[in-house]
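The values are calculated or read from the model by the stated rules, or taken from the named source; none is laboratory data. Keep in mind that this is a model prediction, so the values were computed, not measured. Please note: Cβ atoms are built from the backbone with ideal geometry, for glycine as well, and neighbour counts cover all protein chains shown. Ligands, DNA and RNA are excluded from the accessible area calculation, which covers all protein heavy atoms including side chains. Shrake-Rupley method; radii C 1.70, N 1.55, O 1.52, S 1.80 Å.
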Amino acid sequence: LLLGLEVIPRKPVEYRGIQLSEMDLDAVLARKPQLALVDELAHTNAPGCRHPKRWQDIEELLKAGIDIYTTLNIQHLESFRDVVAQTTGVLVRETVPDRVLDEAAEIEVVDLPPDELLLRLHEGKVYIPEQAARAMENFFEPGNLIALREITLRRAANRVDEQMREY
C-alpha cells in the first residue's frame with residue numbers, strides 16, 4: 001500500500017537485454033478497480049507491450065469501466081508540439097492527441113511558480129537527481145517554465161470557455 005492505496009506491481013519487460021518495468025495493464029483490468037491512478041499519460045511503453053503509448057492503455061481501461069486519474073505536462077499535448085519547440089528549442093517526441101484531453105471528464109491544473117518547480121527539481125522531488133539535472137539544463141529553465149505555464153493556463157481557460165458556451 002502506498003498512502004493507503006493499493007499498488008499493482010509493475011510488469012517486467014525485457015528490451016535489448018535491459019530489464020524495464022511497465023504498468024501491468026492485464027493486472028489492472030483483472031483487478032477492475034473503480035478508479036486507477038496512472039502516471040504520465042504521454043509515456044511511451046516499451047516494445048512488446050500491447051499498446052505503444054500509455055494513453056492507449058488508459059483508453060482500454062476506460063472502455064472497461066475503470067475511471068482514471070492521470071498526469072500530463074502541457075508540452076506533451078500534440079497541438080502544442082511546434083509552439084513548445086519554437087519556445088524552448090526542444091522538440092518533444094512523446095505527445096498525446098488533443099482529443100484525449102478533450103474527452104476527459106475533468107481537468108485540473110496543478111500550477112507551481114517556476115522558482116518553486118525548479119526547487120522541487122533540485123531537491124529530487126520530481127525526477128531522480130541525474131534526470132533532474134539534465135531537465136534543468138536542457139528544458140526546465142525559468143523562461144521556458146513561464147511560457148509553458150502560460151500555455152497551460154490558456155488551454156485550461158479555453159476549456160472553461162467551451163463549458164460555459166455549452167451551458
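Quick notes on this one:
- Remark on Ala36: its backbone amide H falls under 5 Å from those of Asp67, Ile68, Tyr69, a criterion applied only to residues 5 or more positions apart or on other chains, H modelled at 1.01 Å from N.
- Stretch gain in nm, segment Glu59-Val110, where the contour uses 0.36 nm per residue and the Cα spacing is subtracted: 16.1 nm
- Compactness index (Cα Rg / 2.2 N^0.38 Å), region 72-128: 1.30
- Projected area, mean over directions - the chain, Cα convex hull, nm²: 11.5
- The convex hull around the C-alpha trace of region 127-167, projected and averaged over every direction, spans 3.6 square nanometres.
- Each helix, a run of at least 4 DSSP H residues, gives -39500 (n - 2.57); summed and divided by the residues of the chain, these come to -13000 deg cm²/dmol at 222 nm.
- Region 109-126-region 26-102 distance, computed between alpha-carbon centres (Å): 22
- From largest to smallest, the equivalent ellipsoid semi-axes obtained for region 38-111 from the alpha-carbon gyration tensor read 22, 16, 9 Å.
- Relative packing of peptides 50-58, 11-19, 33-41 - highest average C-beta neighbours within 10 Å first: 50-58, 33-41, 11-19
- Distant-in-sequence amide H partners of Val13 (H built 1.01 Å from N, under 5 Å): Leu20, Ser21, Glu22
- Among 89-95, 42-48, the order from most to least packed when residues are scored by Cβ within 10 Å on average: 42-48, 89-95
- Unit charges on C-beta of K, R, D, E only; dipole of region 25-110, Debye: 300
- Dipole magnitude (debye, nearest 20) for the chain, charges at Cβ of Lys, Arg, Asp, Glu: 380
- Region 28-114 - percent of accessible surface contributed by carbon and sulfur, probe 1.4 Å: 51
- Proximal lysines to Lys63, defined as alpha-carbon separation beneath 29 angstrom and excluding residues fewer than eight positions away on the same chain: Lys11, Lys32, Lys53
- Average accessible area per residue (Å²) across the chain - probe 1.4 Å, nucleic acids and ligands excluded: 68
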